[in-house]
Structures are given as C-alpha cells and as structure tokens.
Amino acid sequence: MGDFILLMVSAILVNNILLIRFLGNCPFLGVSRSMDTATGMGLAVIFVLTLAGTITWLVHSYILVPLGIEYLRTIAFILVIATLVQFVEMVVQKTAPPLYEALGIFLPLITTNCAVFGVAIININEGYDFITAIFFSFASACGFALALVLMAGMRERFALVKIPRPFEGTAIGLITAGLIALAFSGFMGLV
Amino acid sequence: MSIKDEFTKGFWKTIPPFRLVLGLCPVLAVTTTGINGMGMGLATTFVLVFSNLFVSLLRKFIPREVRIASFIVIIASFVVIVELVMQAYFYQLFKILGIFIPLIVVNCIILGRAEAFASKNGPIMSLADGLGIGLGFTISLFVLGSIRELLGSGTLLDFNVMWSGFEPFAFMLKPPGAFVALGILLALMNLITQIQERRGGAS
C-alpha cells in the first residue's frame, strides 16, 4: 500500500503531468478561464483518463504483445482512445443526462488531449503492472485536475487587474503557469 | 490565395505555436536546446506535410461522419513511420525526444490543418500549407530552444558562446522556465504586431 501512496504523491505533486511532464497543455490554457469549465474539464479527464489507461494497458498486454505487433502501439492506442471517448459520450448522454450537461462539451476535446495518450504510453514504457497502471492513470488525472483548477482560480482574478497589452490572453497565462510550476517544483525531492 | 501565400503564411501571419496556439506540449517539453527543438519540428513537419497531402487526396472518398477518425488513422500511420525511422537512424535524438514522438499523433496543429485546410483544398495547396506551417513550427521551436540553451547552459548549438565568467541561468532549463520563456516570447511578438498596427493606422 505504501508504494501506491508514494506513486500517488509522485504523480500528483512531484511529477505533475501538466506542469512538469508537459502533457495536456492545450486544454490547460484553453479552458482555464473560468472555474466552472475548469472543474468540468478536470472531472471529465479524471473519468476518461482512468478508463483509457486501463483499457490501453489491456490492449497492449493481451492483443499487441501476443501478436508481436508492438510497433503499431501508436495507431492502436489512438483508435482505442477515440472510440472510448465517443462511447463514453453516448453512454453518459443516455444514462446520466445531468452529468452530460456538465461534461458534454469537454468530452470530444479529450480525444486530442495529449495527457490521455501520454499516460497510456508512460504506463507501457515504465512497465507498470495492471493495478499500478490503473493507480498511475487515476493519480495523473487528479494532478491534471488540480493544476487546472489552481490555474483557473488565478486567471479569474485577471479580470480585476490591469495587464500590459502585449501580455494579454495567452502570454500572461503562460507566465502564470510558469509561476505555478515553480511552486510545484518545491515538491521535488519529496519522493 | 496563391501557393506562395499559402506557403509563407506559416512563417509570420499564422506561425504556430504563437498565432495558432496549438500543440504546446512538445513546444514546452523538448526545447531545452536548439537542436532538440529543430529535431522535433522537423519530425512534426514530415507528419504534417504527408497527412495534409493524403487527407487532401482522399477528401472526396472519406464520408463526413467518420472524417475525424479517418484523419487520425492517416496521421497515426505517418507517426509510426517517423518513430521507426528515427529509432533506426537518429537514435540519440529519439531517446531525448522520447514520448513526444508518438505524441505527434495528438498534436492539435496536425489535426487542425487536416480539418481546417486539407479537407477543403487540393493536394498542391495542402502540400504548401503543410510545409509552411511545419517549417514555421520548426523555426519557433528552434528559436525558443536556442534562447533557453543560451541562457540556461551558455551554449548555442553545443558551442560555448558566452563570456568565461557567465553563470548559467539553470531556471531556463527547468519546466517553469519553459512556460516563462514562451510567455515572454509571445508577448514580444504581440508587441511587434501592435507597433506595426499603430504604424499602419497612422500612415
């Protein structure tokens, strides 16, 4: 159990997927303008990433490896993820309309979120076993949601302050992200 | 627009990742040196050019409903080619870029160009568009990588160029430095555009 806690802390704080590993930066800057969208996106990513991490691990271990076609990993994973996202969208729409209302618009965006694909690949590259892979996927997604919500909290305040014109929009967003990343690098050496 | 316009717009007017704020992950992650940035840029350019060409050639045969999935399969095929070629001939670079080579498949620039341009235009135009945007992306990565390399380790293309007492600014090589460097570069570009606009407005 201790190993899992270490893995969680490492994935959420020390090697935060957004700020230290640089995966999933497009939605990070795109949907972090308000708290509501940030929480919605964060929850959608936690849900899809955990599922995708699990399924891609199974596909890799039980389909690609036995057939000896590991080099097709990229194509196989992206197809699995794209299908999964579509499937989740349909299931959520049918079974939980309120959830769909909240997460609906974020789901299609997740297909091209590199965090999902990146975690699937990290799971394989690091040689995680099945349980560890699920844990790692979940923890990474939580790290993603945490950073996204923190960022949104800061960006909401930008409305109240005067920003030099050249820095408006994405530029100040990037510098804010840099400062958050600097704060997170304080966790280095924790694990 | 002429072929020349389609080709050159990628260098300034819509240069990624500054004007087209897409595909930021590799931009931030691999630009610790100029060479790494250029390697990543060229790999992306290769995929972009061929995916644009094939999407454009097949645009009449791909049904609208499944176009995104079809584009992704086309892109993924070229990413696999790049992955295998780099593993065989540029192993050093392949090791450094690591996970970001397979991640080209989810680089939004490529899918974005396939959807916004190649699926509506002919093969030659799409080729020009892909090459222009790809080279623009390569230039951005190279410039950002060179700045971070120069400040972070005092070298440029692995040559020592700073004076002897220069204290390397290690922050630039760390993840936070990537965000800040890109943010400042983007602000500089906005500033230049704003000055140009003001001049244009005055005359």
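Say whether the condition of being crowded, with 21+ Cβ neighbours inside 10 Å, part of a helix (DSSP H, G or I) and more than 9 Å from every other protein chain (Cβ to nearest Cβ) is met by at least one residue in segment B:13-31.
Scanning segment B:13-31 turns up no residue that is crowded, with 21+ Cβ neighbours inside 10 Å, part of a helix (DSSP H, G or I) and more than 9 Å from every other protein chain (Cβ to nearest Cβ).
Under the condition of being away from chain A (no Cβ under 14 Å) and under 17 Å from B:Ser126 (Cβ atoms), which residue from segment B:56-75 is surrounded by the most Cβ atoms within 10 Å (Cβ to Cβ)? Break it down into steps so the answer makes sense when it comes.
We begin by selecting, within segment B:56-75, every residue away from chain A (no Cβ under 14 Å); these are B:56-64.
From what is left, the residues that are under 17 Å from B:Ser126 (Cβ atoms) are B:56-62.
Values: B:Ser56: 23, B:Leu57: 14, B:Leu58: 16, B:Arg59: 19, B:Lys60: 6, B:Phe61: 7, B:Ile62: 16.
In this case the residue turns out to be B:Ser56.
For B:Lys95, work out the one condition from (1) among the basic types (Lys, Arg); (2) free of Cβ contacts under 8 Å to residues at least 12 places away in the same chain; (3) away from chain A (no Cβ under 14 Å) it doesn't fulfil.
(3)
Please determine whether any residue of segment B:137-154 is in contact with a strand residue (DSSP E or B) (Cβ under 9 Å, 6 or more places away or on another chain) and modelled with pLDDT under 80. Reasoning before the result, please.
Step one: of segment B:137-154, the residues in contact with a strand residue (DSSP E or B) (Cβ under 9 Å, 6 or more places away or on another chain) are B:146, B:149-150, B:154.
When the remaining residues are screened for being modelled with pLDDT under 80, the result is B:154.
Among the residues of segment B:137-154, at least one is in contact with a strand residue (DSSP E or B) (Cβ under 9 Å, 6 or more places away or on another chain) and modelled with pLDDT under 80, which makes the answer yes.
From the list A:Leu146, A:Leu182, A:Leu150, A:Leu190, which one is closer than 25 Å to A:Ala11 by Cβ and either in contact with a strand residue (DSSP E or B) (Cβ under 6 Å, 6 or more places away or on another chain) or within 9 Å of another protein chain (Cβ to nearest Cβ) (or both)?
It is A:Leu182.
Quick grid of which residues meet (1) within 14 Å of chain B (Cβ to nearest Cβ); (2) not in a helix (DSSP H, G or I):
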| residue | (1), (2) |
| --- | --- |
| A:Leu18 | yes, yes |
| A:Phe28 | yes, no |
| A:Thr37 | no, no |
| A:Val45 | yes, no |
| A:Val48 | yes, no |
| A:Ala52 | yes, no |
| A:Ile55 | no, no |
| A:Tyr62 | no, no |
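It is to be established whether one or more residues within segment B:164-177 are within 14 Å of chain A (Cβ to nearest Cβ) and in contact (Cβ under 8 Å) with a residue 40 or more places away in the chain.
yes
Among the candidates B:Ile133, B:Ile109, B:Ile104, single out the residue that is under 19 Å from B:Lys13 (Cα atoms), within 13 Å of chain A (Cβ to nearest Cβ) and either surrounded by fewer than 24 Cβ atoms within 10 Å (Cβ to Cβ) or not charged (D, E, K, R) (or both).
Going through B:Ile133, B:Ile109, B:Ile104 in turn, just one is under 19 Å from B:Lys13 (Cα atoms), within 13 Å of chain A (Cβ to nearest Cβ) and either surrounded by fewer than 24 Cβ atoms within 10 Å (Cβ to Cβ) or not charged (D, E, K, R) (or both): B:Ile109.
Condition test on A:Phe138, is it at pLDDT 90 or above, surrounded by fewer than 24 Cβ atoms within 10 Å (Cβ to Cβ) and more than 14 Å from chain B (Cβ to nearest Cβ)?
Numbers: at pLDDT 90 or above: yes; surrounded by fewer than 24 Cβ atoms within 10 Å (Cβ to Cβ): yes; more than 14 Å from chain B (Cβ to nearest Cβ): yes.
Criteria met by A:Phe138.
Given the criterion surrounded by fewer than 18 Cβ atoms within 10 Å (Cβ to Cβ) and within 11 Å of chain B (Cβ to nearest Cβ), identify the matching residue among A:Pro108, A:Pro66, A:Pro98.
Among A:Pro108, A:Pro66, A:Pro98, only A:Pro108 is surrounded by fewer than 18 Cβ atoms within 10 Å (Cβ to Cβ) and within 11 Å of chain B (Cβ to nearest Cβ).
What single numbered condition from (1) under 21 Å from A:Ile134 (Cβ atoms); (2) modelled with pLDDT of 80 or more; (3) not hydrophobic (A, V, I, L, M, F, W, C) fails to hold for A:Asn113?
If we test A:Asn113 against (1) under 21 Å from A:Ile134 (Cβ atoms); (2) modelled with pLDDT of 80 or more; (3) not hydrophobic (A, V, I, L, M, F, W, C), just (2) comes out false.
Given the options A:Phe22, A:Phe47, name the one that is free of Cβ contacts under 8 Å to residues at least 24 places away in the same chain, closer than 27 Å to B:Leu28 by Cβ and crowded, with 16+ Cβ neighbours inside 10 Å.
Checking each option against the conditions leaves just A:Phe22.
The values are calculated or read from the model by the stated rules, or taken from the named source; none is laboratory data. If you're wondering where the values come from, they're calculated on a predicted model, not measured in any experiment. Virtual Cβ from ideal backbone geometry, glycine too; neighbours counted across all protein chains shown.
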